[in-house]
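Chemist: I have a structure here, written as structure tokens, and I will follow up with some questions on it.
Readers should treat all values here as calculations from the given coordinates under stated rules, not as data from a laboratory. Since this is a predicted model, take the numbers as computed values, not measurements. Virtual Cβ from ideal backbone geometry, glycine too; neighbours counted across all protein chains shown.
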């Protein structure tokens, strides 16, 4: 199953076992959800459901993963069962929490998970039905897992892989953040020495839709030519990185590692070198 679904294909999906998740982020986002969302969509919160935010980001970053046990409870509360077909959407220009949800669901063991191409704006443009207020649904039985199934890398692994030139570490933040020109979110500007920059926005066309998979595949083949095949993807806090992991899975690359702590962890850890390109 392709990890990307178009609004027109979503329109034609059978509703049995179908779960739609609204993963939009931003100010007053729950209120925005209550005012208007794709009909039947259930709200999932980046900070509360897709992360377990601690007191400091130096160990784990700004959006560390929750435990699999806590995520299992979230899925149960959302009515997600083992046979569910899950579609996730957000805003086309948002923080890509839909991709983070996709990664976590896949890492939890779900196979039928897709992200809506173009997000809510594309849904509106293509005439999907919308509604307001809370959606009513039943809780699902708790699904028990012992660990995440997709590969992740720690700060120590990233450092070691770069030192040995055994992995290609990709920073998907905007170029100005990577170069260290300014930093709107984290405390220090710059990037992990040795990481290369391929902004996640380059996965998309001017309308916020994913590029044609053949075009996208060729683009990454050229960008990664003569570099270590094993990939580790990071961003600011392990959310937007999932957008590029989604893109790479979409075009048939092996599943890369996610460095969850990302720049928010590296830049706060004492003694870690910081590179800039001013």
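Chemist: Report the antiparallel proportion of the DSSP beta bridges in segment 152-266 as a percent, rounded to a multiple of 5.
Modeler: So the antiparallel bridges in segment 152-266 amount to around 10 percent.
Chemist: I'm checking a number: the convex hull volume of the Cα atoms of segment 68-215, normalised per residue, in Å³. What is it?
Modeler: 179 Å³
Chemist: Note the full-extension length gain between residue 215 and residue 202 as 0.36 nm times their separation in residues minus their Cα-Cα distance, in nm to one decimal. Numbers along the way, then the final one.
Modeler: On the way: separation 13, 0.36 × 13 = 4.68 nm, distance 1.13 nm.
Result: 3.6 nm gained on full extension.
Chemist: Give me 215, 115, 88, 157 ranked fewest to most by other Cβ atoms within 10 Å of their Cβ, as a rough exposure proxy. Can you show the working numbers first?
Modeler: On the way: 215 11, 115 28, 88 25, 157 15.
Result, fewest neighbours first: 215, 157, 88, 115.
Chemist: Here's something else I'd like to know. Please report, for the Cα atoms of the chain, the Rg to one decimal and the Dmax as a whole number; what are they, in angstrom?
Modeler: Spelled out, the Cα radius of gyration and Dmax of the chain are 18.3, 54 Å.
Chemist: Order of 15, 74 from fewest to most other C-beta atoms within 10 Å?
Modeler: Taking fewest neighbouring Cβ atoms as first place, the list is 15, 74.
Chemist: Hey, could you pull the Cα Rg and Dmax for segment 71-117, both in Å?
Modeler: Radius of gyration, then largest Cα-Cα span, for segment 71-117: 10.6, 31 Å.
Chemist: What length, rounded to one decimal in nm, is gained on full extension from residue 27 through to residue 55, with 0.36 nm per residue of separation minus their alpha-carbon distance?
Modeler: 8.0 nm
Chemist: Something else now. Beta carbons within 10 angstrom, averaged per residue: use that to sort the peptides 219-229, 234-244, highest first.
Modeler: My ranking of the peptides, most packed first, is 234-244, 219-229.
Chemist: Calculate, for residue 141 and residue 187, the FRET efficiency according to 1/(1 + (r/R0)^6) with r their C-beta to C-beta distance and R0 45 Å; round to the nearest 0.05.
Modeler: Using R0 = 45 Å, I get an efficiency of 0.60.
Chemist: Determine the relative contact order of segment 152-266: mean sequence separation of Cα pairs under 8 Å and six or more apart, normalised by residue count, in whole percent.
Modeler: This gives 34 percent for segment 152-266.
Chemist: What does the extension gain come out to for residue 8 and residue 165, with contour length at 0.36 nm per residue minus their alpha carbon separation?
Modeler: In short, 52.2 nm is gained.
Chemist: Label residue 226 and residue 149 with points 7 Å out from Cα along Cα→Cβ: what is the distance between them in nm?
Modeler: 3.9 nm
Chemist: While we're here: Diagonalise the Cα gyration tensor of segment 152-266 and give the resulting equivalent ellipsoid semi-axes, square root of 5 times each eigenvalue, largest first, whole Å.
Modeler: For segment 152-266, the semi-axes come out at 21, 18, 12 Å.
Chemist: Counting each DSSP H run of 4 or more residues in the chain as -39500 (n - 2.57), what helix-only mean residue ellipticity at 222 nm follows after dividing by all residues, to the nearest 500 deg cm²/dmol?
Modeler: -8000 deg cm²/dmol
Chemist: Determine the equivalent ellipsoid of segment 4-131 by diagonalising the alpha-carbon gyration tensor, then write out the semi-axes as square roots of 5 times the eigenvalues, largest first, rounded to whole Å. All intermediate terms of the calculation are to be shown ahead of the outcome.
Modeler: Values: eigenvalues 115, 60, 31 Å².
Over the Cα atoms of segment 4-131, the ellipsoid semi-axes are 24, 17, 12 Å.
Chemist: On to the next question. I want the antiparallel fraction of DSSP beta bridges within the chain, as a percent rounded to 5.
Modeler: Counting only bridges with both partners in the chain, antiparallel ones make up about 15 percent.
Chemist: Related question: For a quick check: sort 84, 267 by the number of other beta carbons within 10 angstrom, fewest at the front.
Modeler: Ranked by crowding around the Cβ, least crowded first: 84, 267.
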